[in-house]
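The values are calculated or read from the model by the stated rules, or taken from the named source; none is laboratory data. This one's a predicted model, so the numbers in the text were calculated from it and none came from an experiment. Every residue, glycine as well, gets a Cβ built from its backbone with ideal geometry; the counts of neighbours run over all protein chains shown. Note: accessible area is taken over every heavy atom of the protein model, side chains too, but ligands, DNA and RNA are not part of it. Shrake-Rupley method; radii C 1.70, N 1.55, O 1.52, S 1.80 Å.
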Amino acid sequence: EHLEPWLQIGAHLKNLGFRTPEVLAQDVSQGFALIEDFGTDTFTQLLDGGEPPDSLYTPAIDLLISLHSDARSQAIDVPLYDLQTLLREADLMPEWFLPLRTGHPSSPTSCQLYEQAWIQILSQLPPPAHSLVLRDFHVDNLMRLAADQPLQQIGLLDFQDALIGPLAYDLLSLLEDARRDIPETLRLAMRQRYLDALPWLDQDNFSAWYSVLAAQRH
């Protein structure tokens, strides 16, 4: 594996007070690391076992609040979540999913029209508030850990693709995850909890990015 991004971002998150696996040994040239085992208590496993959703989503939201309200979170050399990255991800649908479903490649014309539609949508959005965006912040990659401090009670996984991007992205990846239905009342409450904690956010701006990025991610 290409370890440098995982090691770099993990160390940065640890310096900010978050819990990432301890690195016991590493060999970057060979692409191996010996890391701490967080166990088996992913939020997915806990939810499937009957854990009340609010007992897991609430601390996850609070972790995001802590990350996104800390100006130091952006003090890391990672790329911006720019238009080309957003388009490259959206293009996975005609490049991969549609051929899988239809049995034949998407036509160049349909791919071009699809991308043009996304360019039109994304280019109309106002500049967003930025932070470090983990990108895969959802219940499969969050783990319950035993610790005294709240921030240390969630183990973070799969953060090697983190970028500097719109704040809304991590929130929607948790609350709008197509693989995990949660009660609408909980979804709205968790979103409001986040917004209440960051009163300096322009809520119209945030909502526009939240909606568009939710569609892009799906």
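Checking every residue in the stretch 110-118 against the condition of being of a type in the set (Ser, Thr, Tyr) and either within 18 Å of LEU171 (Cβ to Cβ) or open to solvent by 80 Å² or more (accessible area, probe 1.4 Å) (or both) gives zero matches. Selection of the stretch 67-96 for residues being of a type in the set (Ser, Thr, Tyr) and open to solvent by less than 40 Å² (accessible area, probe 1.4 Å) yields SER73, TYR81, THR85. Looking across the stretch 122-169, the residues that are under 25 Å from PRO199 (Cα atoms) and among the aromatic types (Phe, Trp, Tyr) come down to PHE137, TYR169. Note on the stretch 93-105: residues that are assigned to a helix (DSSP H, G or I) and either out of contact with any Phe, Trp or Tyr (no Cβ under 9 Å at 6 or more places or on another chain) or polar (S, T, N, Q) (or both) amount to 8.
Condition check ((1) open to solvent by 80 Å² or more (accessible area, probe 1.4 Å); (2) more than 15 Å from the chain's Cα centre (by Cα)) across all residues:
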residue	(1), (2)
ALA178	no, no
ILE182	no, yes
THR185	yes, yes
ARG191	no, no
ALA197	no, yes
ASP204	yes, yes
TRP209	no, no
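Pairing each residue of the stretch 40-69 that is closer than 17 Å to ASN141 by Cβ with any residue that is assigned to a helix (DSSP H, G or I) and of a type in the set (S, T, N, Q), provided the two are 6+ apart or on different chains, yields C-beta distances under 6 Å for LEU67/SER73. Evaluating PRO126 against the criteria (1) farther than 20 Å from LEU7 by Cα; (2) buried (at least 17 other Cβ atoms within 10 Å of the Cβ) leaves one unmet condition, (2).
Cβ-Cβ distances below 6 Å connect the following pairs, each with a first residue in the stretch 196-207 that is in contact (Cβ under 8 Å) with a residue 60 or more places away in the chain, a second residue that is surrounded by 11 or more Cβ atoms within 10 Å (Cβ to Cβ) and part of a helix (DSSP H, G or I), and a separation of six or more residues or different chains: ALA197/ILE65; PHE206/ALA168. Among the residues of the stretch 129-136, none qualifies, meaning not one is free of Cβ contacts under 8 Å to residues at least 24 places away in the same chain and under 19 Å from PRO166 (Cβ atoms). Consider the stretch 70-91 and keep the residues that are in a helix (DSSP H, G or I) and free of Cβ contacts under 8 Å to residues at least 12 places away in the same chain. The one that is nearest to SER110 (Cα to Cα) is ARG88. Looking at the stretch 92-103, is at least one residue out of contact with any helix residue (DSSP H, G or I) (no Cβ under 9 Å at 6 or more places or on another chain) and of a type in the set (S, T, N, Q)? Checking the stretch 92-103: at least one residue is out of contact with any helix residue (DSSP H, G or I) (no Cβ under 9 Å at 6 or more places or on another chain) and of a type in the set (S, T, N, Q). Here GLN30 meets the list (1) free of Cβ contacts under 8 Å to residues at least 60 places away in the same chain; (2) not in a loop (DSSP other than H, G, I, E, B); (3) not hydrophobic (A, V, I, L, M, F, W, C) almost entirely, failing just condition (2).
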